[in-house]
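Below is one structure, written out as structure tokens; comments come after it.
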Amino acid sequence: MKVALVTGGSRGIGRATAILLAEQGYRVAVNYLNNAQAAQKVVNEITARGSQAIAIQADIADEQQVVAMFTQIARELGPLTALVNNAGILFTQSTIENLTAERINQVMSTNVTGYFLCCREAVKVMSKKHGGQGGGIVNVSSAASRLGAPGEYIDYAASKGAVDTLTTGLSLEVAPYGIRVNCVRPGLIYTEIHASGGEPDRVDRLKANLPMQRGGEPEEVAEAIAWLLSDSASYVTGSFIDLAGGR
Ligand code: NAP
């Protein structure tokens with residue numbers, strides 16, 4: 001049985017990924033932070049099509065909540081085979097003069113520490129070193145890790161740089177134990193994250209600068225994530241797929 005956890009599965013890229021993985025036969029844990037209604041909607045959409053899903057409220061930046069989430073998944077869905085580390089945050093667009101320690105630490109806690117904690121718990125379940133069956137991890141980074149997000153949120157971009165390095169290091173560390181670790185780096189995708197940055201229509205403002213001259217859909221990112229987790233990608237680890245319209 002294939003069992004997946006999608007962190008931040010209630011909205012945006014996570015939502016599209018949870019729905020696609022369910023279509024592909026996974027039992028899916030839909031993690032969220034605040035928006036219980038959105039998470040339940042995703043679960044309802046999945047169960048209406050005859051697949052199994054549960055919503056789990058947990059802050060990925062909180063170690064105890066992460067451990068409790070993995071315990072619940074093991075109990076209700078079975079041993080985890082796939083982790084999509086997707087939940088991520090950014091704050092209002094700003095140059096460095098206005099970045100506070102509090103803000104930077106908050107971004108790092110969710111986007112970096114949260115990813116580490118979920119990887120740690122997933123490895124404990126999946127690793128053949130611990131009697132597991134192996135599995136797959138996909139980290140959702142960002143084109144910002146390459147581009148730096150100047151004038152917008154270099155704190156966020158730097159957190160995604162850490163996600164890239166986490167992917168490389170962990171992929172090498174757990175390759176002998178049956179776990180593949182890969183990464184997707186979306187560019188401008190139509191989701192609500194841009195409203196968190198203070199500019200809901202950011203994708204439409206910037207899309208003309210892209211070689212493909214359009215924003216991307218969450219479903220287009222979900223396809224790459226699902227492929228990286230699938231047996232079709234059985235020899236792929238430590239790899240990065242850029243989904244950024246050519247930039
Ligand atoms: P989004 O629409 O803003 O959704 C964010 C999701 O993360 C929500 O499900 C939210 O839960 C959840 N979340 C936030 N903080 C959390 C926490 N501490 N613990 C658990 N869940 C938490 O974001 P998105 O655009 O789909 O982004 C998903 C990932 O893609 C992020 O890592 C982001 O950095 C990356 N990305 C996005 C773009 C883009 O253009 N959209 C580009 C590059 C990379 P609630 O619903 O409960 O709030």
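The values are calculated or read from the model by the stated rules, or taken from the named source; none is laboratory data. Just so we're clear, the structure is a prediction, and the values are computed from it rather than from any experiment. Don't worry about glycine lacking a Cβ; one is built from the backbone with ideal geometry, like all the others, and counts go over all protein chains shown. SASA here: full protein model, heavy atoms, side chains in, ligands and nucleic acids out. Shrake-Rupley method; radii C 1.70, N 1.55, O 1.52, S 1.80 Å.
At-a-glance table
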| item | result |
| --- | --- |
| Options ALA55, ALA68: the member that is more than 9 Å from the ligand (Cβ to nearest atom), in a strand (DSSP E or B) and of a type in the set (Gly, Ala, Ser) | ALA55 |
| Where a residue in region 54-73 is open to solvent by 60 Å² or more (accessible area, probe 1.4 Å) and its partner, wherever it lies, is near the ligand (Cβ under 8 Å from one of its atoms), with Cβ under 7 Å and at least six apart | GLN57/TYR32; GLN57/ALA36; GLN65/ALA58; GLN65/ASP59 |
| Criterion: among the small types (Gly, Ala, Ser) and in contact with a Phe, Trp or Tyr (Cβ under 9 Å, 6 or more places away or on another chain) - qualifying residue of ALA82, ALA74 | ALA82 |
| Region 194-242: number of residues that are within 11 Å of the ligand (Cβ to nearest atom), crowded, with 21+ Cβ neighbours inside 10 Å and either part of a helix (DSSP H, G or I) or under 14 Å from the mean Cα position of the chain (by Cα) (or both) | 4 |
| Wholly within region 93-154, helices (runs of 4 or more DSSP H) carrying at least 3 residues that are open to solvent by less than 60 Å² (accessible area, probe 1.4 Å) and within 30 Å of LYS2 (Cβ to Cβ) | 114-126 |
| Hits in region 72-105 - residues which are of a type outside the set (Lys, Arg) and out of contact with any helix residue (DSSP H, G or I) (no Cβ under 9 Å at 6 or more places or on another chain) | GLN72, GLU76, LEU77, GLY78, GLU97, ASN98, THR100, ALA101, GLU102, ASN105 |
| Considering residues of region 17-34 that are within 10 Å of the ligand (Cβ to nearest atom) and open to solvent by less than 10 Å² (accessible area, probe 1.4 Å) only, the residue nearest to VAL67 (Cα to Cα) | ASN31 |
